[in-house]
Amino acid sequence: MVSGCKITLVVILLVALCIPLSGKALAKVHQMTDGEIAALQLTLFAEIYWRATTDLDAPIMAVYDGKCIQMTVFGGRDNAEGAKETILNYIIALKADYFPYLEEYFDIELSMDDFKIIYRNRKVKKIKTILIYENGEYKIP
């Protein structure tokens, strides 16, 4: 019969073997493209800066797809007119706040040509795409 202390010791040793020493997992270096940096920073910037300083309260998520930054706005409007108004407000904020921030801190210059903005209604059971802004044009999917 194995005592409880021996089982506990074995479990502790097994767990210790699974934990990287000296934070090696956090020290691993990854390379990121400017597009990946810009998308990650945009998601953080929107949540921290815009929510604190503006009326832009629709959550956003941004990813770089290898060609452009796809910014998805999860709003509560269910029609193209409302979605267009919200997208326009985000375009204004991108140009006024985000582009200068990105250039100053990361030396990355962007324009609206680098973006595709997708407006999705989050207030329905199945989130629905309402409007897409790309290459200076609005498109209803």
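Any read-out appearing in this document is the output of simple, stated calculations on the displayed coordinates, not a laboratory observation. Please read all numbers here as calculations on a predicted model, not as lab measurements. All Cβ positions, glycine included, derive from the backbone under ideal geometry; neighbour counts span all protein chains shown.
For the peptides 46-59, 103-116, the ranking by mean Cβ contacts within 10 Å, running from highest to lowest, is 46-59, 103-116. Taking the fewest neighbouring Cβ atoms within 10 Å as the starting point, the ordered list for Lys95, Lys84 is Lys95, Lys84. Relative contact order of segment 29-90: 28 percent, from C-alpha pairs under 8 Å at least 6 residues apart in sequence. Calculated from the alpha-carbon coordinates, segment 34-139 shows an Rg and a Dmax of 13.0, 41 Å respectively. Classification of segment 41-100 by its C-alpha gyration tensor yields an oblate form. The axis ratio a/c (a ≥ b ≥ c) is 1.5 or more, and b/c is at least a/b. Computed from the Cβ-Cβ distance with R0 of 30 Å, the FRET efficiency linking Met61 to Asp107 stands at 0.80.
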